[in-house]
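Asker: Below is a structure I'd like to ask you about.
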Amino acid sequence: MRNKVSAGEYLAFLSAKYDVGPTKFFEALTSAAESGESTCGTLSIESRGTHRNKVVLLITNGAKVVAQFPVSKEFLFEQNKSIKDLSDTSMFRRRLLNKNNGPHSFQIRDLKAGMKKVNLKAKVLEIAKPNLVFTRFGNYASVANALISDETGRIKLCLWNEQISSVSTGDTVQIENGSISTFRGEKQLRVGRKGAFHVVEGSACSLENVQGS
């Protein structure tokens, strides 16, 4: 492990890299430390013994060795300990940002500031009144925030110009190649020039793709 990276951060990184839930991954680690071996998704975890109050864990993915490192027993067996609280670390976030070259489907709870190439399906709960703003490109544009949700949470979707009139409250929309930014400390989903969205459920709206501004 690299210097100044804690065991928890490294394990959160591995859980993201191999698409296993952080809580289940942590439970598999403690199980391997207690019983000798366990599995989690495609990963196999084996205890290689203890040394100076640390358990040496070997993690493999099929025939490939993923990692072998010592983890303190205090960390593994501390009451209510879980690596899920470390999923917001910079190392974990970088892994999400670089996970795929192309867009990837997410749920709202997975979204972090700085993420790009985000695909997301959500329902429009409400649309705020549009405001006229002067853009950095030297022109005026209409902008409005729509509140969208899925089964995991809510987030604001920034709509521009013709995007605003293309959707209505109650529609379900598919966002493609979006990005996550922050405005006044709040996360926002944006559909830029390289992104698009369309209505997948909604009787009053067209299914035609609307390109971002």
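The values are calculated or read from the model by the stated rules, or taken from the named source; none is laboratory data. Keep in mind that this is a model prediction, so the values were computed, not measured. FYI the Cβ positions are ideal-geometry reconstructions off the backbone, even for glycines, and counts take in every protein chain you see.
Asker: In the stretch 132-158, which residues are of a type in the set (Gly, Ala, Ser) and under 16 Å from the mean Cα position of the chain (by Cα)? Show your work before the answer.
Answerer: Our first condition is that a residue be of a type in the set (Gly, Ala, Ser); within the stretch 132-158, this holds for 138, 141-142, 144, 146, 149, 153.
Correct list: Ser149, Gly153.
Asker: Looking only at helices (runs of 4 or more DSSP H) that lie completely in the stretch 1-118, which have at least 3 residues being crowded, with 17+ Cβ neighbours inside 10 Å, over 17 Å from the mean Cα position of the chain (by Cα) and at pLDDT 85 or above?
Answerer: Those helices (runs of 4 or more DSSP H) span 22-35.
Asker: Let me ask you something else. Has the stretch 133-144 got at least one residue that is without any contact (Cβ under 8 Å) to a residue 24 or more places away in the chain, within 18 Å of Glu186 (Cβ to Cβ) and surrounded by fewer than 16 Cβ atoms within 10 Å (Cβ to Cβ)?
Answerer: Pass one, the stretch 133-144, residues without any contact (Cβ under 8 Å) to a residue 24 or more places away in the chain: 133-140, 142-144.
Add one more test, that the residue is within 18 Å of Glu186 (Cβ to Cβ), and what stays is 133, 143-144.
Then keep just the ones that are surrounded by fewer than 16 Cβ atoms within 10 Å (Cβ to Cβ); that gives 133.
Within the stretch 133-144, one or more residues are without any contact (Cβ under 8 Å) to a residue 24 or more places away in the chain, within 18 Å of Glu186 (Cβ to Cβ) and surrounded by fewer than 16 Cβ atoms within 10 Å (Cβ to Cβ).
Asker: Scan (1) within 28 Å of Ala16 (Cα to Cα); (2) surrounded by fewer than 16 Cβ atoms within 10 Å (Cβ to Cβ); (3) modelled with pLDDT of 90 or more for the single condition Phe183 breaks and write down its number.
Answerer: (3)
Asker: Also: Condition first: surrounded by fewer than 12 Cβ atoms within 10 Å (Cβ to Cβ), modelled with pLDDT of 90 or more and not hydroxyl-bearing (Ser, Thr, Tyr). Can you find one or more residues in the stretch 155-166 that meet it? Lay out the reasoning, then the answer.
Answerer: Filtering the stretch 155-166 for residues surrounded by fewer than 12 Cβ atoms within 10 Å (Cβ to Cβ) gives 162.
Retained after the next criterion (residues that are modelled with pLDDT of 90 or more): none.
Among the residues of the stretch 155-166, not one is surrounded by fewer than 12 Cβ atoms within 10 Å (Cβ to Cβ), modelled with pLDDT of 90 or more and not hydroxyl-bearing (Ser, Thr, Tyr), which makes the answer no.
Asker: Let me ask something else about it. List pairs: first residue in the stretch 64-82 and not assigned by TED's automatic domain parsing to the domain that holds His51, second residue modelled with pLDDT of 80 or more anywhere in the structure, Cβ distance under 8 angstrom, at least six positions apart or on different chains.
Answerer: Partner pairs satisfying both residue conditions: none exist.
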